[in-house]
1. Scan region 294-317 and give yes if some residue there is modelled with pLDDT under 90 and of a type in the set (Asp, Glu), otherwise no.
2. Somewhere in region 399-407, is a residue in contact with a helix residue (DSSP H, G or I) (Cβ under 8 Å, 6 or more places away or on another chain), in a helix (DSSP H, G or I) and open to solvent by less than 10 Å² (accessible area, probe 1.4 Å)?
3. Could you list, in sequence order, the residues of region 178-215 that are under 17 Å from Pro354 (Cα atoms), over 22 Å from the mean Cα position of the chain (by Cα) and open to solvent by less than 60 Å² (accessible area, probe 1.4 Å)?
4. Restricting to region 276-304, count the residues that are loosely packed, with under 15 Cβ neighbours inside 10 Å and in contact (Cβ under 8 Å) with a residue 40 or more places away in the chain.
5. Looking at (1) in contact with a helix residue (DSSP H, G or I) (Cβ under 7 Å, 6 or more places away or on another chain); (2) not in a helix (DSSP H, G or I), which is the only condition Gly423 fails?
6. Pairs only if they're at least six apart or on different chains, beta carbon under 6 angstrom, first in region 144-163 and open to solvent by less than 50 Å² (accessible area, probe 1.4 Å), second among the basic types (Lys, Arg) and not in a loop (DSSP other than H, G, I, E, B); list them, first residue then second.
7. Give the residues of region 379-398 that are crowded, with 19+ Cβ neighbours inside 10 Å and of a type in the set (Gly, Ala, Ser), sorted by residue number.
8. May I ask you to list the residues in region 129-151 that are over 12 Å from Ala253 (Cβ atoms) and among the hydrophobic types (A, V, I, L, M, F, W, C)?
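The values are calculated or read from the model by the stated rules, or taken from the named source; none is laboratory data. What you are looking at is a predicted structure, and each value in this text was computed from that prediction instead of being measured. Glycine gets a Cβ as well: all are built from the backbone with ideal geometry, and neighbour counts include every protein chain shown. Surface areas here come from the heavy atoms of the whole protein model, side chains and all, with no ligands, DNA or RNA. Shrake-Rupley method; radii C 1.70, N 1.55, O 1.52, S 1.80 Å.
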Amino acid sequence: MNSDPKHPPNIASQILEQDRQDREALALLLDRHLSRSDRLLVQQTQMGSTEAFIGSVTLEWLDSRVRFASQLPLFRKKFDPETDNVIRDEETIDEILQRPLDWSRQAALAVYLVARKAHKFPAVLVVLSADWVDDPQADEWDEQGRARESAADFTPLDKDGTVGLLEISDRVSLFTLDGQHRLMGVQGLMQLIKTGKLQGYNKQKKAIGHHITIEDLQKQYQVDPSHVQTLAKEKIGIEFIPAVVKGETREEARLRIRSIFVHVNLMAVNLSKGQLAVLNEDDGFSIVARKIAVQHPLFKEAKYRKPRVNWDSATVASKSTVLTTLQALKDMSERYLSARFPSWKPSDNKGLIPMRPEDDEIAAGFKEFSQFFDYLSRLLSYERLEYETETPRMRRFSHEKGGGEGNFLFRPVGQVAFAQAMGILVYEKKLSLEKLFEKLARFDADGGFSGMENPQSIWYGVLYDPNRKRILVAGRDLAAKLLIYILGGINDNYDRANLRKELAKARTFGNQAMNFDGKFVDPKKIDLPPVLH
């Protein structure tokens, strides 16, 4: 067709029109292929010799189609239907791919998907196994027992063969290689959607506690029940690895899959409790603890001294120069502020998870926790850090190399017990923080927090184990009760009698108890220490 010289064609318009027509054609082509439930659009990837296919599926589809590795035909004879785990014995130990499932995690994972608007699960890595893989007589195996084709039936749609359709019909079985607890959480979500309730379990999948219901979630998180129903259609990333690739024997395939599983888990390093506290943006106590660690003068970094907070580990070595850990600060925050901000924790024990508090509440919590540390930092034990000594000297017991003062306030377990006691006294007993610290200042000046390894100390046998000559973490709650008592917070005679029995038991070794004079006596003769005035 001849063009009109007075009206030359608009080349740009023609290109745009052609582009529009191409997109419409591609959309029609994809609709025709993607409308089939037995095919999934994926992209092929290759790392080393590992062939894989990446796509996305709905949570509803993941729940209905993907299973745990223990449910493969390979494990049927040794499969425990109660826990969905493989029974470990000499026949299965070399076959097992996964760690045992921890069913106590299911409820929390399912609730996370419901309660968090910005929720996200990483992609699930699954093994795709065709129906012929477990049949040694199938035509797909040659005379040498090698696969004539891959277990993954992939039809490329582009010239490079990287984008295409993967068969996911009922002839294909799928099981998790990495992401079994994500699958567990999705299964719990679908149970909640279908039945309106979710049972909590212990690690071995024994039912414990009450059901979590949609009504519970409405009350705790203001969740709209209609919103919960829509979660089934949300999509999650999924990566498929063929159970067998062309040219492999079944044994070679098993070793390849097992090797991939090991490598995936070796590359994924679990976060420590301290690192989780650093990253947690939903737990109010963690947020306040982080702010204290970087802003309060007792902890914030200064050029003239070494760092005072261990951000990663939950423990402090006797020779460490840090004063505490972020995990301890988080525990202190929770125990000190729980009674002040009860909404920061779920109101029951149903497995619900906390929601991020409002900013004004976080600011109030930080202010009150800061005031607590303002007073604490003025105690003689901590004031000495500024002009006289370093933390290792204050922390070490006298019998440890280099000697030390064995100070209660320089051990994370002591710090947590201290915060626990003060929180109860201030927010439940309604006692004045200022007056409490006036008593504590005299107690500290008299050495009340030092020398835990000596029988004269009220912490002997409570936070110090004289047999093993080390700290006794299990004594934290008793230590908190003793602090509450000596500060005048236990007036009931019955409560005092029970506390005396607990203290006597802690200081009893064999049939005799160690009194505050360092002598063995009948446990009934152990008295409570005097109340501070």
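1. yes
2. The answer is no, given that none of the residues of region 399-407 is in contact with a helix residue (DSSP H, G or I) (Cβ under 8 Å, 6 or more places away or on another chain), in a helix (DSSP H, G or I) and open to solvent by less than 10 Å² (accessible area, probe 1.4 Å).
3. Thr213, Ile214
4. So the answer is 3.
5. For Gly423, the exception is condition (2).
6. Correct list of pairs: empty, since none qualify.
7. Ser381
8. Trp132, Ala138
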